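Undergrad: I'd like to ask some things about the structure below.
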């Protein structure tokens with residue numbers, strides 16, 4: 001991120017660190033659940049809800065981090081879709097379709113009333129979104145050095 005103005009460095013670093021911590025929390029929840037042998041239905045539901053809640057927070061932090069980075073570069077982007085498009089243009093993310101799905105899933109979590117749909121989103125979080133979010137954070141970290 002050459003050219004990041006000094007006045008934004010601290011805000012970007014703090015947001016990045018918090019976002020990265022949230023990613024690690026999400027990964028820990030997923031890993032802990034995978035180690036439980038024969039979980040009962042209540043345990044499954046608690047872990048699923050925890051995964052989805054951490055994901056919602058992580059997605060929100062991620063686009064706000066990107067917004068701060070772009071603001072430091074002179075771009076005012078105040079919505080997740082715009083941030084993801086710009087991150088794609090700048091090579092921070094590789095597959096814009098995955099990021100469109102990340103956003104669609106995030107928006108859907110507030111309006112899901114069907115257990116099957118909730119489980120589908122949880123599966124996407126575990127199988128696709130965590131790695132995409134981690135890759136973006138790694139790319140940002142490399143640019144910040």
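Undergrad: Given the -39500 (n - 2.57) contribution per DSSP H run of 4+ residues, what per-residue ellipticity at 222 nm results for the chain, rounded to the nearest 500 deg cm²/dmol?
TA: After summing the helix terms and dividing by the residues of the chain, the value is -26000 deg cm²/dmol.
Undergrad: Along its principal axes, what span do the Cα atoms of segment 25-89 show, with the longest given first and each in whole Å?
TA: 52, 16, 16
Undergrad: Pairing the Cα long axis of helix 115-124 with the longest principal axis of the chain, what angle in degrees results, from 0 to 90 and rounded to the nearest 10?
TA: Tilt of helix 115-124: around 50 degrees.
Undergrad: Now, a different point. Classify segment 71-120: rounded, prolate or oblate, from the alpha-carbon gyration tensor (a ≥ b ≥ c, eigenvalue square roots; a/c under 1.5 rounded; otherwise prolate if a/b is larger than b/c)?
TA: Verdict is oblate for segment 71-120.
Undergrad: Taking neighbour Cβ counts within 10 Å as the exposure measure, how do 22, 144 sort from fewest upward?
TA: The fewest-first ordering by Cβ neighbours comes to 144, 22.
Undergrad: Would you mind ranking 60, 40 by Cβ crowding within 10 Å, fewest neighbours first?
TA: Lowest to highest Cβ neighbour count: 40, 60.
Undergrad: Taking only Cα atoms and a 10 Å spring cutoff, compute GNM fluctuations for the chain and point out the largest among 110, 132, 87.
TA: Sorting by GNM fluctuation, first place goes to 110.
Undergrad: Could you pull the Rg and Dmax for the chain, using just the Cα atoms, both in Å?
TA: 16.1, 52
Undergrad: By counting other Cβ atoms within 10 Å of each Cβ, how are 25, 111 ranked from fewest to most?
TA: Arranged by neighbour count, lowest to highest, 25, 111 become 111, 25.
Bear in mind that the values in this text are calculations on the coordinates, not laboratory data. Keep in mind that this is a model prediction, so the values were computed, not measured. Methodologically, a virtual Cβ is constructed for each residue, glycine included, from the backbone with ideal geometry; neighbour enumeration extends over all protein chains shown.
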